[in-house]
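Down below is the structure, laid out as structure tokens.
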């Protein structure tokens, strides 16, 4: 491949990354409906055509931003949890880290407020499952190893914990810390049972 063959790919990668970053900032600050493709493109120093070429339009850009933020959040959650615990305590630690990450207003708005509306319930839930179910299954695997949970129950527990975590994150962002405290206390009690 010649240098001239590689140049468009580098430009395309740089354009893609610029639009993702502009989308994170714009959607996190203003939401989906309040923005035009032109406004997002200007934020990236590009034209609306770049959004259409790279993502097919504003919704496609939002979907890419959602996947990017999910992957970033899951990576941070995994990294921070592995630093703190690699045992039955990992689940409780992970919930705490998730809730702390969800305190970021932009992240919370993108993941839990805008995404279900823009992408639809099924695509939103599928994205959350893809990002967080492996981490939940891993953490619950420690519970199975310690005899606190049957292997057959892991998938159900992971689904319930994902839903509870999202609800607690939404409540927390609205100023109500009680669901987070309740979820963390419930996990601690379950992990401590004989």
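Structure above, values below:
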item	result
Selection within region 13-33 - surrounded by 14 or more Cβ atoms within 10 Å (Cβ to Cβ) and outside any helix (DSSP H, G or I)	31, 32
Flag for residue 127 being in a helix (DSSP H, G or I) and under 19 Å from residue 156 (Cβ atoms)	no
Top-ranked residue of region 168-188 - restricted to ones that are out of contact with any helix residue (DSSP H, G or I) (no Cβ under 6 Å at 6 or more places or on another chain) and farther than 16 Å from residue 139 by Cβ, ranked as surrounded by the fewest Cβ atoms within 10 Å (Cβ to Cβ)	175
Flag for residue 154 being without any contact (Cβ under 8 Å) to a residue 12 or more places away in the chain, farther than 19 Å from residue 62 by Cβ and more than 12 Å from the chain's Cα centre (by Cα)	no
Condition met for residue 164 (part of a helix (DSSP H, G or I), in contact with a helix residue (DSSP H, G or I) (Cβ under 7 Å, 6 or more places away or on another chain), modelled with pLDDT under 95 and at negative phi)	no
Some residue of region 101-110 being within 12 Å of the chain's Cα centre (by Cα), more than 10 Å from residue 73 (Cβ to Cβ), surrounded by fewer than 15 Cβ atoms within 10 Å (Cβ to Cβ) and touching a residue at least 60 places away in the same chain (Cβ under 8 Å)	yes
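Listed here are the residues, each with its yes/no results for (1) surrounded by 14 or more Cβ atoms within 10 Å (Cβ to Cβ); (2) touching a strand residue (DSSP E or B) at 6+ places or on another chain (Cβ under 6 Å); (3) farther than 19 Å from residue 188 by Cα; (4) free of Cβ contacts under 8 Å to residues at least 60 places away in the same chain.
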position: 64; (1), (2), (3), (4): yes, no, yes, yes
position: 71; (1), (2), (3), (4): no, no, yes, no
position: 77; (1), (2), (3), (4): yes, no, no, yes
position: 95; (1), (2), (3), (4): yes, no, no, no
position: 113; (1), (2), (3), (4): yes, no, yes, no
position: 125; (1), (2), (3), (4): yes, no, yes, yes
position: 148; (1), (2), (3), (4): yes, no, no, no
position: 161; (1), (2), (3), (4): yes, no, no, no
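The values are calculated or read from the model by the stated rules, or taken from the named source; none is laboratory data. Keep in mind that what you see is a predicted model, and the values were worked out from it rather than measured. Every residue, glycine as well, gets a Cβ built from its backbone with ideal geometry; the counts of neighbours run over all protein chains shown.
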